Structure formats: structure tokens, C-alpha cells
Amino acid sequence: MRPTRSLTALAAVAALAVTTACGSTGSSGGKNSDGTFTPPKQSAPKKLGKTEGKVNLIAWAGYAEDGSNDPKTDWVTPFEKKTGCQVNTKTAGTSDEMVNLMKTGEYDAVSASGDASLRLIASGDAAPVNTDLVPNYKNIFDSLKQRKWNSVGGVSYGIPHGRGANLLMYRKDKVKPAPDSWGSVFEKDSKYKGKITAYDSPIYIADAALYLMKTKPELGIKDPYALDQKQFDAAVALLKQQNANVGEYWSDYLKEISAFKSGDSVLGTTWQVIANTAQAEKAPVEAVLPKEGSTGWSDTWMVSSKAKNPNCAYKWLDWIVSPKTNAQVAEYFGEAPANELSCKETAEKSHCTTYHAADEDYWKRVHFWTTPIPQCVDGRKNAKCVPYAKWVQAWTSIKG
């Protein structure tokens, strides 16, 4: 992996969880037996027809490269030549922007993150996907299929694209002994006060919830994204306590790298690609997956229920997760590919090892971003959970 190449896409990743209120589930019609909502009734196509000649995409920067940013980075042009579908891409900066763009009906597919996908499903803006019409789906890692951020009630609403974990990074020369727990950033009287950094997003509340899930079992937290009021209040209280020790909340990857290089930050959350880049720039840092596990992100290509070019959209879904293309995207963006065959196609042969692509024990410890909704997605049938709109409000109070 070339860190500088991944950094061209990181600005978009920084915005993955910076969203506003969760979309309405007023048309959902109730709960399924597993505690999730029932989406508006829609059906997936049973077969594909003639391609329409174009496809309109909403994507994170780095997901639909056509050579305009780097002539050597282009997986759109080969797709266009192969299918005759001309690609028009709208690069989105936030999940909220993606949701709003999908509501216009002007786009055929979107690379939604877990903090947007349930909103798209609940509102009826994303359609069920017939995975049989996506041949490369068969080689997607099983652990990414039928997950709560890309499926509801056993119905798939998209094709997994890639994944990554939120890690704990520390300065090896400043933080001793080496930390192995999120407790190092949440302890009340930290000796690293003022030099701790945290991710600047409401979804970071889930990180506190995850820590409490492991250290305060009496709270009964089973899922860091499914919090009843008592559980939510406990996570918010922990973050308000942490606030006194935080020197900076980061969303700009360059600022985080700079802070760790200078020593202004010595401990906090990060992504693997940021740690790699900081190390390449001679910062004495290390990143670990703490013993409590971590939160993380997994993106899904979803088809609009109003798609004007559904056949080209399906062709794109299959192309973007094909072994070679998925490998190219994963390296460029800095993530683990979704297609297990992609690991044989990466230019940097150690990429999948670095990003733990096939390490299922590793991913079992990662709780991927999922939109918090009133229905408790942890299986509770007689509880009401705090929706993301309240997370946004709480985050403002946490930061003061």
C-alpha cells in the first residue's frame, strides 16, 4: 500500500459518521421477530434486461476513480468499455448528503456506510438486491453477508464493498506501558490529560458504549448501537468525564498525524491507514485493537428504488466487487476488500495481512457502524432505544 494514495481518499472517510437525524421509519409498519423494523414493501428484480448506456452513482472519494485524479488509478474506464454503461459519479462528503441525494431519485446506486444504510432502507429509498444477479457476490466474505447494516428480515439490500476497524493509537516513547484497553482513554485521572484525542462524531458514543458493555455488565448493553435511555445516559456520562482529558477531537486525518508526530497527541482513536502513514513519516506510533474490541465501518453498494438505470447499476455492483477491481479500491482507499479473491490481486502483497482481510477472529471483535434507531436492533422486543437524532444532540453537550 502507498499511504499517500490512500490519503487522497481519507477526507471522505473522515465524514462517514458525521450525520444528522435518523430517517423516519413511519412507513415501516412495525417490527420483525428479531426486533428490527419492517421496510416498505418492495421487490428485487428476478432478471436483468438490456443495459441503459449509463449509470449515476453517489460514492465516497476514491470509490469510483476514472483516472482524472491519477491516470494510473482508473477502474471506471474499463467498466465503461466492457459494459457500455457510462459512469457519472457524484462524490459525497457525508452520509447525510448521500441520504438526501438518494431521495431525489436522480441516482441509481450509492456506496452507503452503516450509519446511512438503515435510513435508506427504512425510507424506501434503497431497494432489495437480488444477489443472484451479482455473480461476484459468491466470493464476498461470509461475515459481511446478511448483516444488520445491509440486510433486514433476511433480505439483502446491498453488496458489501470493504471494511475497517477503529483502533487505539499511541506514542511508543510517551505511553508506557503499552495500552491494551480503551480504559486508557476513558480513565478519569489520566496522566495523559490534554494529550488524548477522540473521533469527532456522534457515532463515537458507541465507542463509550462498547467499553461499558465490557466493563459494566450490569448495564446490560448487548450492542453499542442499541442503547436504551439508561444505557445511553451512562455512555454520555463517560464521554463527558473523558472530555476533561481530551486535547483535541479529530476528523481531519492530517491534523491527527501532525499531532502524533509533534507529541501534542499521544493516545487516541485512529484507523489502520492513518497509523501506517504516521509510521511512514517516522512517527513512533503503534496501533492496536484493544481487548474490548472496537467499533468499525463497512460500506455497502445499494440500488435506488427509483433507479432509472437499474441494469447498469447491477453491472456496476458486480464490477466494483470483482477480485481485481475490489483489490484496487481497497489499496487506494486503505481498507480490507470484501471479495476474498481480491487478496491475490493486490499490488502490495501484504495488504490483506495488514488490514486483516481474512482474519475472521479479528472481525468478530469489531462492531460495525449501524444507524441507531428507536427499534432496538439487539433483539429486545419490549424496549425503546435512543435514535441517532438524540445522539447528535448529546454530542454537542458532550463537547461543551
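The values are calculated or read from the model by the stated rules, or taken from the named source; none is laboratory data. This one's a predicted model, so the numbers in the text were calculated from it and none came from an experiment. Cβ sites come from the backbone with ideal geometry, for glycine too, and all protein chains shown count toward neighbours.
Some points to look at:
- Selection within the stretch 99-136: residues that are in a strand (DSSP E or B) and either modelled with pLDDT under 95 or among the small types (G, A, S) (or both). The member of this set that is surrounded by the fewest Cβ atoms within 10 Å (Cβ to Cβ) is S111.
- Every residue from the stretch 379-396 that is surrounded by fewer than 20 Cβ atoms within 10 Å (Cβ to Cβ) and touching a residue at least 24 places away in the same chain (Cβ under 8 Å): G379, R380, K381, A383, K384, P387, A389, V392, A394, W395
- Residue check for W301: in the same structural domain as K82 (by TED's automatic domain parsing), closer than 20 Å to Y63 by Cα and hydrophobic (A, V, I, L, M, F, W, C): yes
- Of all the criteria given as (1) in contact (Cβ under 8 Å) with a residue 40 or more places away in the chain; (2) in the same structural domain as I58 (by TED's automatic domain parsing); (3) under 22 Å from the mean Cα position of the chain (by Cα), the one not satisfied by N130 is (3).
- Residue in the stretch 329-338 that is closer than 17 Å to T270 by Cβ, surrounded by fewer than 24 Cβ atoms within 10 Å (Cβ to Cβ) and modelled with pLDDT under 95 present: no
- Matching option when the condition is out of contact with any helix residue (DSSP H, G or I) (no Cβ under 7 Å at 6 or more places or on another chain) and either over 24 Å from G164 (Cα atoms) or acidic (D, E) (or both), among P45, P78: P78
- Residues of the stretch 137-191 that turn out to be in contact (Cβ under 8 Å) with a residue 24 or more places away in the chain and either within 15 Å of the chain's Cα centre (by Cα) or outside any loop (DSSP other than H, G, I, E, B) (or both), as a count: 30
- In the stretch 76-98, the residues that are in contact with a strand residue (DSSP E or B) (Cβ under 9 Å, 6 or more places away or on another chain) and in a helix (DSSP H, G or I): V76, T77, F79, E80, T83, S95, E97, M98
- A Cβ distance below 8 Å, combined with a sequence gap of six or more or placement on separate chains, defines the contacts here; from the stretch 304-315, residues that are over 18 Å from A112 (Cβ atoms) and in the same structural domain as I159 (by TED's automatic domain parsing) reach residues that are part of a helix (DSSP H, G or I) and not charged (D, E, K, R) in the pairs C312/T83; K315/F79; K315/T83.
- Filter result for T270 (buried (at least 21 other Cβ atoms within 10 Å of the Cβ), under 23 Å from K191 (Cβ atoms) and touching a residue at least 40 places away in the same chain (Cβ under 8 Å)): yes
- Selection within the stretch 139-176 - crowded, with 23+ Cβ neighbours inside 10 Å, more than 23 Å from V288 (Cβ to Cβ) and not aliphatic (A, V, I, L, M): W149, N150, Y157, G158, P160, H161
- Out of K240, K255, one residue alone is more than 27 Å from A383 (Cβ to Cβ), surrounded by fewer than 17 Cβ atoms within 10 Å (Cβ to Cβ) and basic (K, R). It is K255.
- Checked against (1) free of Cβ contacts under 8 Å to residues at least 24 places away in the same chain; (2) touching a Lys or Arg at 6+ places or on another chain (Cβ under 9 Å), E292 passes all but condition (1).
- Matching residues, the stretch 203-230, being in contact (Cβ under 8 Å) with a residue 60 or more places away in the chain, over 23 Å from V175 (Cα atoms) and buried (at least 24 other Cβ atoms within 10 Å of the Cβ): I203, I205, A206, P224, Y225, A226, L227
- Within the stretch 250-288, the set of residues being aromatic (F, W, Y) and either modelled with pLDDT under 95 or in contact with a Ser or Thr (Cβ under 7 Å, 6 or more places away or on another chain) (or both) comprises W250, Y253, W271.
- Enumeration of residues in the stretch 278-313 that are in a helix (DSSP H, G or I) and surrounded by 24 or more Cβ atoms within 10 Å (Cβ to Cβ): A278, C312, A313
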